[in-house]
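Inspection log for the structure reproduced underneath, given as structure tokens.
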Amino acid sequence: MYDMNNYKIKHDAVILGIESSCDETACAIIKGRKILADCVISSAEEQALYGGVVPEIASRAHTDVVDEVVYRAMNEAGITPQDVDAVAVTYGAGLLGALLVGLSFAKSFAHAMNIPLIAVDHIRGHMAAAYLEDTELKPPFITLLASGGHTAILHTKSVLKAEVLGGTCDDAAGEAFDKVARVLGLPYPGGPSVQKLAEGGVNCIDFPSALVKHGDGLTFSYSGLKTAVINYMHGAEQRGQTVKKENVAASFQCAAIDPLVKKTVECALNLGVQTVTAGGGVVANDYLRKTLSDACLSAGITLVLPEKKHCTDNAAMIAAEGLNQYYAGNFSPLSVNAKASIPLNNNK
């Protein structure tokens, strides 16, 4: 086994990243911040038959294809296992069974090749996706995090340290999108389905804003918004009224996203930070991307948005965060275990 204390950090290291926290089995390879390969095998179609992710099905799917997706990535990158300098893998947060598949494979690979293992926080991976979009990006910047499990605005002060400025006090934005999609009779995954439906509607229903109106003004709540949409639909059904679902979707989308955009830009202006980044599955939403882009342009702030495929779960972002941890020498023992949840303010 390599000596962690005497290991020499390499410039433009080749990092192999593995992601298996939910229903995507993914492997990506980067050299420095340049992507050499980015492969995904998804079980989303099978999960859609059940209206959401079934943990057991996800775990079995990962087990079936994890070796294949790694082989594909190395073949696409034109490298051999001997060319890899470190293995980065999601160890949390996510579905424990699914995480263990990727983590076990990564441990075996690292041990066999006698190279460092880097256990990556999935949420920090979402935040690191911006480094792939702009290879010259450097902190400080304000980060909008919007995913199925987390919603927050953070002040990224350094590559390793981020301060949470505000976030949701209950549900995450992505979870609300999924629940609203279900009540509207839309297929899984909910986020893209709501966005597509909203494109044919207008914001004409007075749903409560996701922004909590008291306190520091940086607290969000999606539970009330989600419940308001459900009550609106059930009330109309009980009264025998026909509802234009496109308007419901558009009105919900505005109530969910507008406050996030507004407060993200305000945070940047108040702190004198010139750059805003964003990460998480909800950041793939076209309405969010446009409104955030327009708001930053109007405020004279630089916006770095990852590609849509790097907003949803992927291994390139895990490799990107792995590179950050690699340069800091934050290697993990082979005894590291998977975690279903990790505090948002975890600064590894």
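Since every read-out is calculated from the coordinates, none of them should be taken as a lab result. Please read all numbers here as calculations on a predicted model, not as lab measurements. Backbone-built Cβ (ideal geometry, glycine too); neighbour counts: all protein chains shown.
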With angles folded into 0 to 90 degrees, how steeply does helix 55-77 sit against the dominant principal axis of the chain? Use alpha carbons for both and round to 10. 60 degrees
Could you identify which residue out of Q274, Q82, Q325 has the top mean-square fluctuation in a GNM of the chain using Cα springs shorter than 10 Å? Q82
Pull up the cross-link candidates among the lysines for K290, meaning alpha carbon to alpha carbon under 20 Å and not fewer than 8 places away within one chain. K196, K262, K263, K308, K309
Length released on extending from E76 to D170, taking residue separation times 0.36 nm less the Cα-Cα span: 29.7 nm
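State to the nearest 20 debye the size of the charge dipole of region 68-221 about its Cα centre, where the only charges are +1 on K and R beta carbons and -1 on D and E beta carbons.
Numbers: 10 positive and 16 negative charges, 44 e Å.
Dipole of region 68-221, to the nearest 20 debye: 200 debye.
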Distance in nm between K309 and N203 label points, each 7 Å along Cα→Cβ, equals 3.1 nm
Relative contact order of the chain: what whole-number percent is it, with Cα pairs under 8 angstrom and at least 6 residues apart? 24 percent
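Quick check for me: using +1 on Lys/Arg Cβ and -1 on Asp/Glu Cβ, what's the dipole size of the chain about its Cα centre, in debye to the nearest 20?
Values: 28 positive and 36 negative charges, 121 e Å.
Taking the Cα centre of the chain as origin, the dipole is about 580 debye.
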Would you compute the Debye intensity of the chain from its alpha-carbon atoms alone, equal scatterers and no solvent, and pass along log10 I(q)/I(0) at q = 0.07, 0.09, 0.11, 0.13 Å⁻¹ to two decimals? -0.30, -0.49, -0.72, -0.97
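Normalised by the residues of region 136-310, what does the relative contact order come to in percent, with Cα pairs under 8 Å and at least six apart?
On the way: 321 pairs, mean separation 44.9, N = 175.
About 26 percent, as a whole number.
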Helix 223-238 versus the longest principal axis of the chain: what angle, 0 to 90°, nearest 10, using Cα atoms? 50 degrees
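Tell me, what is the FRET efficiency for S293 and E56 to the nearest 0.05, using R0 = 45 angstrom and their Cβ-Cβ distance as r?
Efficiency computed from Cβ-Cβ geometry: 0.65.
Expressed as a whole percent, how much of the Cα-Cα distance distribution for region 5-94 exceeds 14 Å?
I get 66 percent for the Cα pairs in region 5-94 exceeding 14 Å.
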Filter K138/K213; K34/K339; K226/K339; K157/K339; K8/K34 down to the pairs with a C-alpha to C-alpha distance above 23 Å, please. K138/K213; K34/K339; K226/K339; K157/K339
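At 37 °C and 0.692 mPa s, what whole-number value in µm²/s does Stokes-Einstein give for the translational diffusion of region 136-310, with Rh from the Kirkwood sum over Cα pairs?
Working: Rh = 16.4 Å.
Stokes-Einstein gives a translational diffusion coefficient of 200 µm²/s.
Express in nm, to one decimal, how much length is gained between Y327 and E68 on full extension, taking 0.36 nm for each residue of separation and deducting their alpha carbon distance. It would help to have the intermediate numbers written out before the result.
Values: separation 259, 0.36 × 259 = 93.24 nm, distance 2.84 nm.
Extra length available between Y327 and E68 comes to 90.4 nm.
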Given R₀ = 30 Å, FRET efficiency for S341-H111 by Cβ-Cβ distance, to 0.05? 0.65
Work out how much length Y7 to N270 would gain on full extension: take 0.36 nm times their residue separation and subtract the Cα-Cα distance, in nm to one decimal. 90.5 nm
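Could you order the peptides 51-64, 120-133, 277-290, 164-177 from most to least packed, using the average number of other C-beta atoms within 10 Å per residue? Present the calculation step by step, with values, prior to reporting the outcome.
On the way: 51-64: 17.6, 120-133: 25.2, 277-290: 23.2, 164-177: 21.6.
So the peptides 51-64, 120-133, 277-290, 164-177, ranked by packing, come out 120-133, 277-290, 164-177, 51-64.
If you count the DSSP beta bridges with both ends in the chain, what percent of them are antiparallel, to the nearest 5?
On the way: 27 of 45 bridges.
If we restrict to bridges inside the chain, about 60 percent are antiparallel.
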Would you be so kind as to identify which of A106, V180, A299 lies farthest towards the positive end of the dipole of the chain, taking Lys and Arg as +1 and Asp and Glu as -1 on Cβ and the Cα centre as origin? A299
What the 10 Å binned alpha carbon P(r) of region 287-342 shows, as percent of pairs per bin from 0, is 17, 32, 29, 17, 4
Work out the charge dipole of region 136-310 with +1 on the Cβ of Lys and Arg and -1 on the Cβ of Asp and Glu about the Cα centre, then indicate which of A210, G191, A152 is farthest towards its positive end. G191
Of I153, I301, I142, which has the largest mean-square fluctuation in a 10 Å C-alpha GNM of the chain? I301
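How do 16-24, 202-210 rank on mean C-beta neighbours within 10 Å, highest first?
Numbers: 16-24: 28.6, 202-210: 16.2.
Per-residue mean Cβ counts within 10 Å order the peptides as 16-24, 202-210.
Rank the residues C311, C267 as a footprinting-exposure proxy: fewest other Cβ atoms within 10 Å of their Cβ go first. Mind showing how you got there, number by number?
Working: C311 24, C267 20.
In increasing order of surrounding Cβ atoms, one gets C267, C311.
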Fluctuation leader among K262, K157, K213 - the chain, Gaussian network, Cα springs under 10 angstrom: K213
With a ≥ b ≥ c the root eigenvalues of the C-alpha gyration tensor of region 86-162, is it rounded (a/c under 1.5), prolate (a/b larger than b/c) or oblate? oblate
